[in-house]
1. Considering every Cα-Cα pair within region 1-60, what fraction, in whole percent, is farther apart than 13 Å?
2. Mind giving me the nanometre distance, one decimal, between the label points for Leu237 and Ile211, set 7 Å out from Cα along Cα→Cβ?
3. Can you work out the PRE-style zone for Arg3? Point 7 Å along Cα to Cβ, and I want the residues of region 14-48 with backbone N under 20 Å.
4. How long are the semi-axes of the ellipsoid equivalent to region 48-197, from square roots of 5 times the Cα gyration tensor eigenvalues, in whole Å, largest first?
5. When the Karplus curve 6.51 cos²θ - 1.76 cosθ + 1.60 is applied with θ = phi - 60°, which whole-Hz ³J(HN,Hα) does each residue of region 135-149 get, with x for Gly and Pro?
6. State the percentage of accessible surface on region 39-109 attributable to carbon and sulfur atoms; use a 1.4 Å probe and exclude ligands, DNA and RNA.
7. With the dipole of region 151-273 worked out from charges on the C-beta (+1 for Lys and Arg, -1 for Asp and Glu) around the Cα centre, which of Ser155, Pro165, Ile211 lies farthest toward the positive end?
8. Quick one: Cα centre-to-centre distance for region 230-258 and region 133-212, in angstrom?
Amino acid sequence: MARRANRALWSARAKNTGLLGNVINAKTGQWVGRLSGLGAGLDSYFEYLLKSYILFGEEEDYLMFNESYNGFKQYLRRGRTHCNSGYGDHPLYVNVDMHSGNTYTYWIDALQASFPAVQVLFGDIEEAICTHAWHYNVWKRYGLLPERFNWQRLSPDVAFYPLRPELVESTYLLYQATKNPFYLHVGREIIQNINAYTKTKCGYATVHDVIDMSLEDRMESFFLSETCKYLYLLFDLDNPLNKQFSKYIFTTEGHLLPIGSKLRTKPWTDEEFSSKPSCASSFGKESLSGDSVNIPYVAKEAPIFKPNITQPSCDAIDEARHYLLPLRTPYYLQLTESLGLKEL
């Protein structure tokens, strides 16, 4: 059932861009929201495409994610071509119209701060470093991460902070990938600020406004199940999970699942559960092994993407930057100044 729903959404992509919207009418299959981005309403879909491949080994999921990632690079990404070289503004993924690819809003929400973690799992470490650095410096600007930040006006559009885990999750995965102590410093600063601004007599409170740090009388459950969990694991270097990190994966809600052959063995055949919608068609795609495979629910005339310049690579991080700033100093200073911060 989940795979059928996934395929139905995939087949509803915009024909000329290949992008998805953020709200769809489940009865009619028509898009209600045309916003395409990496935040609320979309983030978990792309995250599960990749994690489903990692868990179950379905090449269909990998090909869907890879095509989506190419679309992000072409339509959502702004700024210089490479994270740590070249000229131009700091890279940023913005919200666009799913049909045209034009900028749709000038705000980015806090849920997008989980995307660097997805980029780490995909192997695009350089991009993860840049994406994380932007969200972290928005955090530094206020002491906490506002729910929506307007990157044109450099001010919050929605100013509350409900103790979200997304930035912490990305910090944890980037540390696991690079072992750069910079991310331990980020984690320490996050803990210090959470204690300074949100701690109360009976727990930790949602911040109503990051400008005046006024509080609300509520604490979301994900603070304990995700935010605290990732912070604990970030600093517990000898934790058994961290010792065998490649054998497990977190769901989007922070539940831990083992990676192994059992989940990649199906007691059924794909033919038993295939039900191609009338609007879908098939075409040959090259599999990970180089063979031609038939992937359903992808249009015959797929959108043409520009080359994905920053390809996933296990060699993306050179030895020196295991200890120096992950984002090279000139680019880090450029970023801090562009967000109104003057010091490292």
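The values are calculated or read from the model by the stated rules, or taken from the named source; none is laboratory data. No experiment lies behind these values; they were computed from the predicted model shown. Quick reminder, even Gly has a Cβ in these numbers, built from the backbone with ideal geometry, and neighbours come from all protein chains shown. Side chains are part of the model used for accessible areas, which takes the heavy atoms of the whole protein and leaves out ligands, DNA and RNA. Shrake-Rupley method; radii C 1.70, N 1.55, O 1.52, S 1.80 Å.
1. Values: 1153 of 1770 pairs.
Summing the P(r) of region 1-60 above 13 Å gives 65 percent of all pairs.
2. In this crude label model, Leu237 to Ile211 measures out at 4.2 nm.
3. Once the point is set 7 Å along Cα→Cβ of Arg3, 45-48 turn out to lie under 20 Å by backbone N, inside region 14-48.
4. 24, 20, 15
5. Each residue of region 135-149 in turn: 5, 5, 6, 5, 4, 4, 4, 10, x, 8, 9, x, 4, 9, 10 Hz.
6. Values: 1250 of 2470 Å².
Its accessible area is 51 percent carbon and sulfur atoms.
7. After comparing all options, I get Pro165.
8. About 20 Å separates the Cα centre of region 230-258 from the one of region 133-212.
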